[in-house]
Amino acid sequence: MINIQRMENDIITLSLENRETGKNLINEAFITHLETLVEEIIRDKNTLGLIFTSSHKEFLLGADISAFTKGKTAMEIFDFSQRLQKVFNDLEQWPRPVVAAINGSALGVGLELALACDYRIAINHHTIKIGFPEVKMGLMPAAGGTRRLSSLIGVKGSLRILLEGEKYTPLKAKEHGLIDALVETKNDLIENAIAFIQQYEVIPENEKKRTPSLSAYSKEGQEFFSNMAAQIELDYRGKGEAPKRILNCLYETSLLPPEAASIVESQSFAELFELESTQRMIQTLYYGVNYCRKIGAQKKDQLSPPRSIGVIGAGVMGRGISELLAATNHQVLLLDKDLTSTEMGRGLIQKDLEEKLKRNDVTKFAKETILANIKTLSNISDLAQCEVIIETIDENLQLKKDLYAKIEEVIPKETILITNTSSFSLQSLSENIHHRDRFVGLHFFSPVKEVPLGEIIKGDKTSQNALIHALKIVHQLEKTPVVIRDGEGFFTTRIMMSYIAEGLRCLIEGMSPSVIENAGLALGFPQSPLSLADHLSLPMVEGYLHSQIKASGQELIRDSIDQKILGIVSRFTQKLERLGSRSLKGFYNYSPEPELCDAIKEYEKPKDPTNPISFEDIKKRLFNIQLVETMKCFEEGVLNTAYEGDVASLLVWGFPAETGGVVSACHSMSNELFLQDLQAMALQWGERFSPPKILKTLINKNYNSLHEAREILADALLEES
Amino acid sequence: MKDAFIFDALRSPRGNGEEGGSLQVVKPVELASQVLKELLNRSNIPSPSLDDLILGVGAPVGEQGGLVAKACALHAGFSSTLAGVTINRSCASSLESVNLASLRISAGQDQLLIAGGLESMSRVPLHSDGGSLMSDPQIAHNFIPQGVAADLLASLKRYSRRDLDQWAVHSHKKASLAQDRAAFKNSLLPIKSQIGHSFLSYDELVKSGTTMEGLANFEPLFKNPGFDFRAIFRYPELEKIAHLHHVGNISPNADGAAALLLGNGRMAKKYELSPRAKIRSFAVASGDSSLLVKGMNQSIKKALKQANLEIEDIDLFEIQESFSSVILNTIDEFKLDPEKVNVNGGSIAFGHPQGATGAMLLISALDELEARNQRLALVSIGTFSGMGVTTIIERVDP
């Protein structure tokens, strides 16, 4: 569990190795062992110092969440946290020097242990991650981390680190003050740790690193806590209570002695843990993401990595995908419409990497490796050497179809062809493709590096081999895959479009665009409907709406609401030549600051006093339309599992995490009342709100049956693949 | 109910409440004591005859903390039999002191009281008292700073920067004219050092040369995305908050102290005092903190109703000019004749010594009623967290 070794120089090394949990995670048994060891060491007057390191790949990751979530009461969680606090406090107060020799990732409690030490040294390797990711799952540190971090680097820096939940490389962690020194090898690590210990018998108080506390009683402190409370409400809306609790903890810590601050922290943690919103976030962001990743990981051994991947199109998506592939050691062959464009694309990647190097986001070595991995092609026939081809050209159906025909002429029949289309169905794209089994969709999102999901689209003809290739790429890019059945807009685009279209309907009905936009933001979405449309680009929205109208056979009905919605978008793309945020002109003006443009404000009509539409009405429409559309995706088999729907909704369009995701939101509302609500909405706002059959079935049976249905569907998918 | 009369009133000049202000070298206790001592002297009242000393303070901490009213009583050399109580209702603290004094007299429990307030913002800065309302993350989730709220009000009412600046220019102009004709001389006590050297004898923040062009150079003060969205989610018809308030169209921080001598009819006879006015009514109310004015407007309505008066009956208004949008809104809301509002300038010109302002506005109103030979004045202050306090006074025939 923890390997103890006393060296000749009377320094003890505790090497963490939790065999029970596989990865180095903290669980009950681990803490008990740590408590015993620390007690013994502290009692022994002969020990000159203590080094924590690990026998695992990781230093120490967080607490074992599965042990955590199973049947624990808030009181037990509180006690658990207090136990950790106690053993870390004992370490901190022991007068002899204690060093964290960080040889692998230190996250959550792992970093809290390091902070309880007097000195932190880490190996400078970019695969090592250091940080407090708890907030992402609605939680916060609970082993004295908030107090120790703020006394080390100050309240302001601590708040940023705790809220962002970022996992830093050792280099970045040192910049933030989390790490004191970097070394290159494991040998250096222990040598440096020993050297630090041998400097001191006891570390004098004045040599301990401290940042003066920002008291909530100072003018600066008051303003800070007051401003941040408001800023957090805005920036973390929909993301649970943890950000607010973290701020409150830092506020109280600034006013309290350590013992009392420790109780506040444990209390906050236990209270957070008990909240339904936290449980939902854990469910989706831990269990859900792991579930999806497992699908990707299971396939990885069936194939050797592709020799080389051709990327067609050196636009924003093509460049993003190429850079990421190259960074994960793939050979990328980039091709745009001619060599000049291709070279220009590669030049932009180089520029991007240079900026990152300046910000310390990549090392010089990594930058060189990535660039070396990206080669340019001058001719489409050069694609013959690729094992996999990813197409990322403009979202234009005809262009794509023509391109596929040309590609197929030059490539062997076993080459996998992947499209990064964001809305066209595989079926509509594959008309010109002979070997449709090789064709699979892989929808990445902009910005490619940041959005941690890949939506894989499986067409009717898509082969198992092609699917596995797509899963493998997503896995290697360290993203989470979801597998969606082919259809217009797949899953993510379809739901986002339902939200945008509902916003546009409200606009057609004469509601103020500000109110519509604020309703989306107030619901907790990072982007309001019109701003999301601008972000996706208006021609893409136009294309999607158009194909939907075509599919529903409404083309000849001139005055339908759908036609009117399309009319608005077409007016912007064609007549006003406003295409969205990338060209700085869309529904909004983007320069100098985003502001709704006058043309969109024209749609607002004076309020009808006899039929007032409330802010709450609009919020409900924007929210419920996504639930209805999601249930339809389930019904049609586009979406197979609840986890995939939840995970995609959180990671792609920022569905409020505290709901657990769009499918969980359906679940928690699947009752008679919701059914009646939707029926009433269908009468008032239109048929699109009519409750889908699947909802009625769910309600008529019971909640469990949906869960089971989801599992059955998941099993079926696994078997099939 | 017995009448509560105002016998006399006195105030210090308003000094610049920032570093370098002329009153920065004067302790808040000294500042208030000079006013208190002179108020009793000139009325010839022995301090043991007072029932209590009620002082409002905006930030009752540090030099202004720990029951500063008692410290002032002692420092002024008053009898140890005189107690003292400190009142806090933020910007309306001393108006609240006067209202409380009037209540105690009307109820027959006290006969003679001093009520007023003090604030030395150059020494005890704004918000030194902290407080959960503003900075406790778990309490402050409704908090919107008054500056953002004032900008919200301007946005909702579509006041332009020009509208706001015009009022500010107007305020300085009226104040400066009033200074020129020595309108404040009866109630203004120059503050002096022990050796008789004058620290300040006039309201030093008034700038007679204030122009629209001059104000145009100031940058907005209250931009803050977090607070903006708190406000916008309550008023979603706004796409954004127009940030229009700046240092030139809000009330600057100031130092000052003011006090009124109040009592009943028996005391008037006993000490041969002629009542100058009586308190007709007072009220407090509170409303949506993001709008500043709802509580204040409600307190005006309540006070009018209590006094059985209509808004048209009031001859003069002293409305706290914390922000230009607030005063413009009050004028709009009650359809006031601007010629009756803050006729000698307001806090935008004079500055706002938080705990002393209410008493100072009452003093201005009283002096001007006498100068114009009018009867009724209404004083109202909108303050922190959506609260408002109003007092109506009526002159008494000699």
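The values are calculated or read from the model by the stated rules, or taken from the named source; none is laboratory data. Keep in mind it's a predicted model, so treat the numbers as computed, not measured. Neighbour counts are summed over all protein chains in view; Cβ atoms, including those assigned to glycine, are modelled from backbone coordinates with ideal geometry. For the accessible areas, the whole protein counts, side chains as well, though only heavy atoms, and no ligand, DNA or RNA atoms are used. Shrake-Rupley method; radii C 1.70, N 1.55, O 1.52, S 1.80 Å.
Points worth noting:
- Residue within the stretch B:224-240 that is over 28 Å from B:Gly256 (Cβ atoms) and more than 14 Å from chain A (Cβ to nearest Cβ) present: no
- The residue that is modelled with the highest pLDDT, among those in the stretch A:359-370 that are among the hydrophobic types (A, V, I, L, M, F, W, C) and within 26 Å of the chain's Cα centre (by Cα), is A:Ile370.
- Summed over the stretch A:70-110, residues that are of a type in the set (A, V, I, L, M), closer than 30 Å to A:Asn46 by Cβ, open to solvent by less than 10 Å² (accessible area, probe 1.4 Å) and assigned to a helix (DSSP H, G or I) total 3.
- Across the stretch A:203-229, the number of residues qualifying as assigned to a loop (DSSP other than H, G, I, E, B) and within 9 Å of chain B (Cβ to nearest Cβ) comes to 3.
- Checked across the stretch A:538-555, the condition of being within 29 Å of B:Pro225 (Cα to Cα) and either in a helix (DSSP H, G or I) or among the hydroxyl-bearing types (Ser, Thr, Tyr) (or both) holds for at least one residue.
- Applying the criterion of at least 3 residues that are more than 12 Å from chain A (Cβ to nearest Cβ) and either of a type in the set (S, T, N, Q) or in contact (Cβ under 8 Å) with a residue 12 or more places away in the chain (or both) to the helices (runs of 4 or more DSSP H) found wholly in the stretch B:91-189 leaves B:93-106, B:146-157, B:161-180.
- Contact map, the stretch B:230-245: residues that are without any contact (Cβ under 8 Å) to a residue 60 or more places away in the chain and of a type in the set (Val, Ile, Thr) paired with residues that are open to solvent by less than 30 Å² (accessible area, probe 1.4 Å) and part of a loop (DSSP other than H, G, I, E, B), Cβ distance under 6 Å, separation 6+ or inter-chain. Pairs shown: B:Ile232/B:Leu238.
- If you filter the stretch A:31-66 down to residues that are part of a helix (DSSP H, G or I) and in contact with a helix residue (DSSP H, G or I) (Cβ under 7 Å, 6 or more places away or on another chain), you find that the one that is nearest to A:Glu274 (Cα to Cα) is A:Ile65.
- Looking only at residues in the stretch B:78-90 that are part of a strand (DSSP E or B) and buried (at least 19 other Cβ atoms within 10 Å of the Cβ), the one that is nearest to the chain's Cα centre (by Cα) is B:Arg89.
- Within the stretch A:604-636, the set of residues being away from chain B (no Cβ under 14 Å), under 28 Å from A:Asn589 (Cβ atoms) and touching a Ser or Thr at 6+ places or on another chain (Cβ under 7 Å) comprises A:Ile625, A:Gln626.
- Scanning the stretch A:540-547 turns up at least one residue that is open to solvent by 20 Å² or more (accessible area, probe 1.4 Å) and of a type in the set (S, T, N, Q).
- B:Leu260 crowded, with 21+ Cβ neighbours inside 10 Å and either closer than 22 Å to B:Pro353 by Cα or charged (D, E, K, R) (or both): yes
- In this structure, A:Leu639 does not qualify as open to solvent by less than 20 Å² (accessible area, probe 1.4 Å), within 14 Å of chain B (Cβ to nearest Cβ) and either part of a loop (DSSP other than H, G, I, E, B) or touching a Gly at 6+ places or on another chain (Cβ under 6 Å) (or both).
- Of all residue pairs spaced 6 or more apart or on separate chains, those with beta-carbon atoms under 6 Å, a first member in the stretch A:8-30 that is without any contact (Cβ under 8 Å) to a residue 40 or more places away in the chain and a second member that is open to solvent by 30 Å² or more (accessible area, probe 1.4 Å) and basic (Lys, Arg) are A:Ile12/A:Arg6.
- Of all residues in the stretch A:320-345, those that are open to solvent by less than 60 Å² (accessible area, probe 1.4 Å) and either closer than 24 Å to A:Leu453 by Cβ or touching a helix residue (DSSP H, G or I) at 6+ places or on another chain (Cβ under 8 Å) (or both) total 16.
- Selection count, the stretch A:230-249, where residues are open to solvent by 10 Å² or more (accessible area, probe 1.4 Å) and within 9 Å of another protein chain (Cβ to nearest Cβ): 7
- When A:Glu220, A:Glu175, A:Glu205, A:Glu252 are checked against the criterion of being under 19 Å from A:Gly154 (Cα atoms), surrounded by 19 or more Cβ atoms within 10 Å (Cβ to Cβ) and either of a type outside the set (Phe, Trp, Tyr) or at pLDDT 95 or above (or both), A:Glu252 stands alone in meeting it.
- Taken over the stretch A:191-202, the criterion of being open to solvent by less than 50 Å² (accessible area, probe 1.4 Å) and either within 14 Å of chain B (Cβ to nearest Cβ) or not in a loop (DSSP other than H, G, I, E, B) (or both) is satisfied by A:Ala193, A:Ile194, A:Phe196, A:Ile197.
- Condition check for B:Gly248: part of a strand (DSSP E or B) and either away from chain A (no Cβ under 14 Å) or open to solvent by 20 Å² or more (accessible area, probe 1.4 Å) (or both): no
- Test result for A:Lys601, more than 14 Å from every other protein chain (Cβ to nearest Cβ) and more than 23 Å from A:Leu429 (Cβ to Cβ): no
- Condition met for B:Leu362 (touching a residue at least 12 places away in the same chain (Cβ under 8 Å), closer than 17 Å to B:Phe184 by Cβ and either aliphatic (A, V, I, L, M) or not in a helix (DSSP H, G or I) (or both)): yes
- Against the test of being away from chain B (no Cβ under 14 Å), open to solvent by less than 10 Å² (accessible area, probe 1.4 Å) and not in a loop (DSSP other than H, G, I, E, B), the options A:Ile500, A:Ile516 yield a single qualifying residue, A:Ile500.
- Selection within the stretch B:210-223: residues that are under 16 Å from B:Ala150 (Cβ atoms), out of contact with any strand residue (DSSP E or B) (no Cβ under 8 Å at 6 or more places or on another chain) and open to solvent by 70 Å² or more (accessible area, probe 1.4 Å). The member of this set that is nearest to the other protein chains (Cβ to nearest Cβ) is B:Lys223.
- Residues that are open to solvent by less than 10 Å² (accessible area, probe 1.4 Å), assigned to a strand (DSSP E or B) and either out of contact with any helix residue (DSSP H, G or I) (no Cβ under 8 Å at 6 or more places or on another chain) or over 30 Å from A:Lys174 (Cβ atoms) (or both) do not occur anywhere in the stretch A:426-435.
- Which numbered condition A:Leu530 fails, given (1) under 24 Å from B:Leu156 (Cα atoms); (2) touching a Gly at 6+ places or on another chain (Cβ under 7 Å); (3) open to solvent by 20 Å² or more (accessible area, probe 1.4 Å): (3)
- Residue in the stretch B:305-312 that is part of a helix (DSSP H, G or I) and crowded, with 24+ Cβ neighbours inside 10 Å present: no
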